[in-house]
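Here is the structure we will look at.
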Amino acid sequence: MIELCRSAGLPEPQFEQRSGSFVITLWRDWLTARVLAGYSLNDRQEKGIAYLKAQGRISNPEYQQLTKATKKTSTRDLSDLKIKGIVLQIGLRGPGVHYVLANKGDKKGTIGT
């Protein structure tokens, strides 16, 4: 199930046990073109999000290579995505720091879609 979600570019399912029941939450792709348009992202950030959807994570050096941006520009772009709640930063500093897509629950007005 995890592999199928990854190959479809979706977030990994969430597995948990609640009150004696085993619950699996499947997340849909909340970053639709319509949602992304509302964030006013630049071309580099859009390319980075597409990479994240396919690969599941991205580091600053990978973002630099993908977008041909300088380290300073890459850091600024990724920080902006983090502030907007699109990505989460894993790690504080150093070579192990990377970014993953934030999991979002159902957005207002999309229940049942």
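Quick notes on this one:
- Residue exposure sequence - VAL87, VAL100 - by fewest surrounding Cβ within 10 Å: VAL100, VAL87
- Gained length - LEU88 relative to SER40, 0.36 nm times residue gap less alpha-carbon distance: 15.4 nm
- Number of Lys pairs (Cα under 27 Å; 8 or more positions apart or on different chains) in the chain: 28
- Rounded to 10°, Cα long-axis angle of helix 43-55 versus longest principal axis of the chain: 40 degrees
- Theoretical FRET efficiency, 1/(1+(r/R0)^6), r = Cβ-Cβ of SER79 and GLN14, R0 22 Å, to 0.05: 0.25
- Close amide H pairs (under 5 Å, H built 1.01 Å from N) link LEU41 with no residue at least 5 positions away or on another chain.
- Cα gyration tensor shape of the range 46-98, rounded if a/c is under 1.5, else prolate or oblate by comparing a/b with b/c: rounded
- Option label - volume of the Cα convex hull per residue in Å³ computed here, alternatives (1) 135; (2) 251; (3) 151: (1)
- Long-range HN-HN contacts of HIS98 with modeled amide H, under 5 Å: ILE90
- Between amide H atoms placed 1.01 Å from N, distances below 5 Å from VAL87 occur with LYS82, ALA102, all of them 5 or more places distant or on a separate chain.
- Exposure proxy ranking, count of Cβ atoms within 10 Å, fewest first, for ASP80, ASP43: ASP43, ASP80
- Remark: the range 31-101 carries a charge dipole of roughly 100 debye about the Cα centre, counting +1 on each Lys and Arg Cβ and -1 on each Asp and Glu Cβ.
- Mean sequence separation of contacting Cα pairs (under 8 Å, at least six apart), scaled by the length of the range 31-101, corresponds to a relative contact order of 31 percent.
No value in this document is a laboratory result; all are computed from the given coordinates. Owing to the predicted nature of the structure, the values given are computational and were not obtained by experimental measurement. Note that each Cβ is placed from the backbone with ideal geometry, even for glycine, and that neighbours are counted across all protein chains shown.
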